[in-house]
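These notes concern the structure reproduced below.
The values are calculated or read from the model by the stated rules, or taken from the named source; none is laboratory data. Given the structure is predicted, the values throughout are model-derived calculations rather than measurements. Virtual Cβ from ideal backbone geometry, glycine too; neighbours counted across all protein chains shown. For the accessible areas, the whole protein counts, side chains as well, though only heavy atoms, and no ligand, DNA or RNA atoms are used. Shrake-Rupley method; radii C 1.70, N 1.55, O 1.52, S 1.80 Å.
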Amino acid sequence: MATLSPQTTRGQHHPHTLSTLDFQGASSAAAANAMRTELNRLISLIKDEKERAHFQTEMGNFFMLFNRWLSERSKGTKINWDKVKSLPEDQIVPYDSIPKVTSSSHLNKLAVLKLNGGLGTTMGCVGPKSAIEVRDGMTFLDLSVRQIEYLNKAKNVNVPFILMNSFNTDDETKRIVQKYATHNIEILTFNQSRYPRVNKDSLLPTPRHPHGNIADWYPPGHGDLFDSLNNSGLLDQLIEDGKEYLFVSNVDNLGATVDESILNHMVESGAEFLMEVTDKTRADIKGGTLIDYEGSIRLLEIAQVPSEHVEDFKSIKKFKIFNTNNLWVNLKAIKRVVEDKELSLEVIVNNKTTESGEKVIQLETAVGAGIKHFHNGHGVNVPRSRFLPVKSTSDLFLVTSDLYALNHGELSLNPKRMFNTVPLVKLGDHFKKVNNFLARFNNPPHILELDHLTVSGDVTFGSDVVLKGTVIIVANAGSHIDIPSGSILESKVVSGNLHILDH
């Protein structure tokens, strides 16, 4: 039976594997050997030959990631802050400087991929986040499908729509997409890898069996896209079908639509990797940014920043842009870097505590970190409208309102809004879960002239409420505020006894 071994790992010529570690310390050597033994034991428990081969590939990729982490840990390899520099101006291209096209001849060479591995648990929902209704009874998935279907029809092309699922979302997503069977769209799905959580003390995998407790496993971040796309066979299929470019984005970013001008720029510039970035605001201080590090372009995430420099990282003056995770990548280039074992994405350590109280670590990577491995990779500074994520019910409040118009699945800022900026909205814990949020509004308030809204406590809204300027509504513990239908609140503070004051 095939197993993981130092020899087979060495044959892959991957950076920081056991062959290049030279076992910087006895503890790292012991941890690597113990991990390999445990992974081989897990592999041996799978009887089906095809399933075992797939599982072994996944565990081999995990083993390399684990060894890179051990190597970095034993060497104390941390980012040298003195070497972190701002990118030269020519590596961040302003969107306005890109020639605008209404139709690109390269559209038929494009495929669109949504990262669909996340659950809706943070918003109080069960199942894939992409199945949450966000606008006019339509889910994230519905809106994306409508966009691509309209694009295919309007441009007479065949842009396939791909979903990278995780083991958490795959079954339910496959059931959901059946409803699009009669639509003018080709939907393809594949699974990202399933990696074992690692006990923080023993540095051994927590699962005792490949088919055991699902909580012992995790999807290893979207940096896994490159290997998983290749391992699934889908990468070869896309290339064989004449596709050359892949547009990747988070499924919950409603601003991530196909932009033919960016596609054209990618082709004309010969770039194998484009990252859409946008200007940082105070709400984005934790977002990853592009930097120059030892003469090459790199994605820097807050998790990689030494604790003493976190405030520097958050500075809007020093780091003016952040990664939207809208990425354009050359498919043949992905094939090259995967086959040549060039990928060495920075390891992100995610510390977790299980329900039983066990401290575990998850080793993850970010897809944007791949930019350093692709020729002529650079950033494009896009308008904020291309970054419209829905991470909370405060975001949901905005996208369900009259602030946005919906056209062919695409949201755009209502032209009646006087400012291009989006209001700052903070909804309290009573609104945190989607069902609670929906129950507190008869219909979405009108917010075309709203600048800032804070709502705290037990508050409900009647129909056709208008909010303008800065509105703060606070119901103290034990109090309830019901904003009557037809109310117009302009720069007001509403307290527990519904006493309205000028603000």
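V112 passes every criterion in (1) surrounded by fewer than 18 Cβ atoms within 10 Å (Cβ to Cβ); (2) out of contact with any Asp or Glu (no Cβ under 6 Å at 6 or more places or on another chain) apart from (1).
Looking across segment 347-363 at every residue that is of a type outside the set (S, T, N, Q) and open to solvent by 30 Å² or more (accessible area, probe 1.4 Å), the one that is modelled with the lowest pLDDT is identified as E355. If G409 satisfies every condition in (1) open to solvent by 20 Å² or more (accessible area, probe 1.4 Å); (2) on the phi > 0 side of the Ramachandran plot; (3) in contact with a Leu (Cβ under 7 Å, 6 or more places away or on another chain) but one, which is the exception? Failing condition for G409: (1). For segment 202-213, the criterion of being at pLDDT below 95, part of a helix (DSSP H, G or I) and open to solvent by 20 Å² or more (accessible area, probe 1.4 Å) is met by no residue. Out of G212, G223, which single residue is within 20 Å of S344 (Cβ to Cβ) and either out of contact with any helix residue (DSSP H, G or I) (no Cβ under 6 Å at 6 or more places or on another chain) or of a type in the set (G, A, S) (or both)? None of the other options fit; the residue is G223.
Flag: L467 does not match the condition of being under 30 Å from T257 (Cα atoms) and within 31 Å of the chain's Cα centre (by Cα).
In segment 96-109, which residues are part of a loop (DSSP other than H, G, I, E, B), open to solvent by 70 Å² or more (accessible area, probe 1.4 Å) and either polar (S, T, N, Q) or more than 23 Å from R384 (Cα to Cα) (or both)? Before the answer, list the steps.
To start, the set of residues in segment 96-109 that are part of a loop (DSSP other than H, G, I, E, B) comprises 98-106.
Add one more test, that the residue is open to solvent by 70 Å² or more (accessible area, probe 1.4 Å), and what stays is 99-100, 102-103, 105.
Listed by number, the residues that qualify are T102, S103, S105.
Regarding segment 22-34, can at least one residue be identified that is open to solvent by 20 Å² or more (accessible area, probe 1.4 Å), of a type in the set (S, T, Y) and either modelled with pLDDT of 95 or more or not in a helix (DSSP H, G or I) (or both)? No, that holds for no residue. At least 2 residues being open to solvent by 10 Å² or more (accessible area, probe 1.4 Å) and β-branched (V, I, T) is the threshold, and among the strands (runs of 3 or more DSSP E) wholly inside segment 270-321 not one reaches it. Filtered by the rule that a residue be more than 18 Å from S86 (Cα to Cα) and part of a strand (DSSP E or B), segment 342-386 gives I348, V349, N350, N351, K352, T353, K359, V360, I361, Q362, L363, E364. Annotation: of all residues in segment 73-90 being assigned to a helix (DSSP H, G or I) and surrounded by 16 or more Cβ atoms within 10 Å (Cβ to Cβ), the one that is modelled with the lowest pLDDT is S74.
Checking V422, V380 one by one, the residue that is at pLDDT below 95, β-branched (V, I, T) and surrounded by 19 or more Cβ atoms within 10 Å (Cβ to Cβ) is V422 and no other. Mind checking whether some residue in segment 454-466 is open to solvent by 30 Å² or more (accessible area, probe 1.4 Å) and more than 30 Å from C125 (Cβ to Cβ)? No, segment 454-466 contains no residue that is open to solvent by 30 Å² or more (accessible area, probe 1.4 Å) and more than 30 Å from C125 (Cβ to Cβ). Of the listed requirements (1) closer than 25 Å to E240 by Cα; (2) at pLDDT 95 or above, S105 misses just one: (2).
The number of residues in segment 246-269 that are open to solvent by 20 Å² or more (accessible area, probe 1.4 Å), touching a Pro at 6+ places or on another chain (Cβ under 9 Å) and assigned to a loop (DSSP other than H, G, I, E, B) comes to 0.
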